[in-house]
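Notes to accompany the following structure.
The numbers here are math on the coordinates, done by the rules we state, and not lab data. In this text the structure is predicted, and so the values were computed from the model without any measurement. For neighbour counting, all protein chains shown are included, and Cβ atoms are generated from backbone atoms with ideal geometry for every residue, glycine included.
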Amino acid sequence: MNDTARAFRDLYGQPSHGVWAAPGRVNLIGEHTDYNDGFALPFALPHRTEVAAAPRSDTLLRLHSAASDSGVITLDLATLDPAHRPRGADGWAAYPAGVAWALREAGLPVGGADLHIRSDVPTGAGLSSSAALEVATGLALTELYGLTPTRPELAALARRAENAYVGVPCGIMDQTASACATEGHVLRLDTRGPRHDHVPFDCAAAGLRLLVIDTRVKHDLADGAYAERRASCHRAAARLGLPALRDLPFEELDGALGRLDDPVARRRVRHVVTENERVLRVGELLGAGRLRETGALLTEGHASLRDDYAVSCPELDLAVTTANAAGAYGARMTGGGFGGSALALIDAEAEPAVARAVTDAFARAGHVPPRITPVTPSAGAGRVV
Ligand code: GLA
């Protein structure tokens, strides 16, 4: 029995039937491409959300989170409806409630359950704490009821919960990374399909390290900027007569830009098309074991997100420029942006120097101290106990 299972037993007065876990993710590269049918290279973090669960004989869903003081929230699966979210299904509880709703709506007959949730994935840090919660809940509920959706199906249902129930118009990247990643690999995701494979990324063997620099600037995807970027990409694709911006080949970018008269739309399109190209090149470099050479593409990706896509912020820019000046091979913001975390690829022995340089620069600029954590590509979701 682990801590989550013990807390479950103390809370509900009976043992759980299992504990399931799903990780947060970092995206190596491929940002704001997933809702354009494009490419991304995320990997799973060692940080995870655990869900201890037991089935019930009725249709009640009882939810408890170690991170919240809202106590046990009781909902009835039979009445869950995104148009009329019950009181108590707001905030964090909307995520597990939304997953239960999405599963049932897809014809997966999950019944009532008691859940206790515990997570060490930082929230609001651009590291997909939401996807971790959704995927861990989905895995727990389906396994409790002997249902066996494939991992990509589980990811799609978790995304549906977030889109249709929670109301965040995210793409498929985070949930796929959490559900399908494998240790020691980045997940090479083609969001059209979607399809994925696993590319080895053994930093330690190459003497490298990946640092996550959490700026502690809270981002909130529910705010309109993400939806606005998404809508402007879809409008631009329609204007170009394409199903999605993924269908604009890199070689045809300049010609296409000439056919768009809105300068903002031109910049958004340029980001998406060049970013897809960078993902493909990074994927090839990783496949060839040329890990250090990916760094320049990471930094180029950051500049594109900052200048063309306009989703960075001063703290992310400072983290990137400082890490690079202190010897990183490359660095970029990761996730949706507007705050959250940056990622830097460095020599393992450079970690203290890079961490110190970034911390000092943040102090000099008067920013909140960043949280700097070395990470390794870790396992996707699974049963823990
Ligand atoms: C958030 C969304 C993802 C993706 C990224 C940007 O993490 O949840 O679907 O769009 O932003 O790449």
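For D114, the residues whose modelled amide H falls within less than 5 Å of its own, excluding neighbours fewer than 5 places apart on the same chain, are A54, R56, R62. Amide hydrogen proximity for E183: with H placed 1.01 Å from N in the peptide plane, the residues at 5 or more positions away or on another chain lying under 5 Å are A379, G380.
Both the radius of gyration and Dmax for the chain are 20.8, 66 Å, in that order, over alpha-carbon atoms. Evaluating 6.51 cos²θ - 1.76 cosθ + 1.60 at θ = phi - 60° for every residue in segment 264-269, the Karplus couplings come out as 5, 4, 4, 5, 4, 5 Hz, glycine and proline recorded as x.
Based on Cα atoms of segment 3-198, Rg over Rh with Rh as the Kirkwood radius reads 0.95. Using the alpha-carbon atoms, what tilt in degrees (0 to 90, nearest 10) does helix 3-12 show relative to the longest principal axis of the chain? Computed tilt is about 40 degrees.
Structure remark: mean-square fluctuation, Gaussian network model of the chain, C-alpha springs under 10 Å; the largest value among G30, G258, G171 belongs to G258. Scalar couplings 3J(HN,Hα) for segment 147-160, obtained by applying the Karplus form with A = 6.51, B = -1.76, C = 1.60 to θ = phi - 60°, are 9, 10, x, 5, 4, x, 5, 4, 4, 5, 5, 5, 5, 4 Hz; x denotes Gly and Pro. Cut-off 10 angstrom, C-alpha nodes, Gaussian network model of the chain. Which of L144, L103, L242 fluctuates the most? So, out of L144, L103, L242, the one fluctuating most is L242. Computed from Cα positions, the angle between helix 224-239 and the longest principal axis of the chain comes to roughly 60 degrees.
Rounded to the nearest 10 degrees, the angle from helix 129-144 to the longest Cα principal axis of the chain is 40 degrees.
A DSSP coil position with no more than 10 other Cβ atoms inside 10 Å describes none of the GluC sites (Glu not before Pro) in segment 270-334. One decimal place: the segment A353-E284 gains 21.9 nm when fully extended, by the rule 0.36 nm per residue minus the C-alpha distance. Each other residue within a Cβ distance under 11 Å of D190 adds +1 if Lys or Arg and -1 if Asp or Glu, for a net charge of +1. The Cβ shell under 14 Å around E153 holds other residues with a net charge of +1, Lys and Arg each +1, Asp and Glu each -1. Cα centroid separation, segment 369-385 to segment 267-309: 23 Å. Each residue of segment 317-325 was assigned a 3J(HN,Hα) from its phi angle through the Karplus curve 6.51 cos²θ - 1.76 cosθ + 1.60 (θ = phi - 60°); the sequence is 4, 5, 4, 5, 5, 5, 4, 5, 5 Hz, with glycine and proline shown as x.
GNM remark for the chain: springs join alpha carbons under 10 Å apart, and the peak mean-square fluctuation among A355, A206, A21 falls on A206. Dividing the helix sum by the residues of the chain, where each DSSP H run of 4 or more adds -39500 (n - 2.57), gives a mean residue ellipticity at 222 nm of -12000 deg cm²/dmol.
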